[in-house]
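Since every read-out is calculated from the coordinates, none of them should be taken as a lab result. Small disclaimer: the values here were computed from a predicted structure and weren't measured. Glycine gets a Cβ as well: all are built from the backbone with ideal geometry, and neighbour counts include every protein chain shown.
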Amino acid sequence: MFQSLRQGNPFYILRKGENPRCDVGSIVSVSAPVQKFPANQAIADFSASGSNVVVSGSRDAINSEIEAMLSNSRQVVESVGYHENVIAGCEDMLKSINPSFAKERKQEEEIVQLKSEISGVKGDLSDIKGMLSQVLNERSTNSKITKN
C-alpha cells in the first residue's frame, strides 16, 4: 500500500466505532519510507491498538472494510431476537433453580408495576385538579355576573 502512494493520490481514513466515518484526503508529499508496517498491504488496521482507525490508499480496500462493518452490524441487529430469547430462557432457568434470583426478579417487576400505577395516579390527580380549577373559575365568573 504505502510504496505505491504518490503525491495527489487519494488517501482514505476509516474511523470505526459507534459513529463510523470515512475521511478522504489527498497525499500532499511522500517521504522516504520507514519500515514499520509491511509496505505491500492494501490496508493498515490500527483497531488492535484501541484507536479503531483503518487507513488505505485503495478505495476498493476501504469499500471492503466498510462492507464488512455493515455486514457485521446487520448480523448483530438480526440476532437481537435470538439473544432476547436466550436472556428470557436463562432468566426462567435461574428463577426455577435459584429462589433468591426469582425473588429479586419478582421485586423488580413489582417496582416497575408500582411506578406505572403511581404515574397513572399522578395523571388522574392532575386531571382532577384541572377540572376543579375550571369549576371554581366558572363559579367565580357566575357569582360576579349575579352580583351585578
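Here are the numbers for this structure:
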| quantity | calculated |
| --- | --- |
| Over the chain: helical MRE at 222 nm, DSSP H runs n ≥ 4 each giving -39500 (n - 2.57), nearest 500 | -21000 deg cm²/dmol |
| The chain: most fluctuating residue of 132, 94, 14 per GNM, C-alpha cutoff 10 Å | 132 |
| Under 5 Å, built H, 5+ apart or other chain: amide partners of residue 11 | 25, 26, 27 |
| Spatial extent of segment 75-148: Rg and Dmax, with the Cα atoms as the point set, Å | 25.5, 78 |
| Pairwise Lys count, the chain - Cα closer than 19 Å, eight or more residues apart or different chains | 4 |
| Choice from 123, 89, 81 with maximal GNM fluctuation in the chain (Cα, 10 Å cutoff) | 123 |
| Estimated dipole of segment 32-148 in Debye, rounded to 20 [Cβ of Lys and Arg +1, of Asp and Glu -1, Cα centre] | 780 |
| 13 Å beta-carbon shell around residue 95, net charge (K/R +1, D/E -1) | -2 |
| Overall dimensions of the chain as given by Cα atoms, namely Rg and Dmax in Å | 32.0, 99 |
| Among 25, 88, 47 the positive-end extreme of the charge dipole of the chain (Cβ point charges) | 25 |
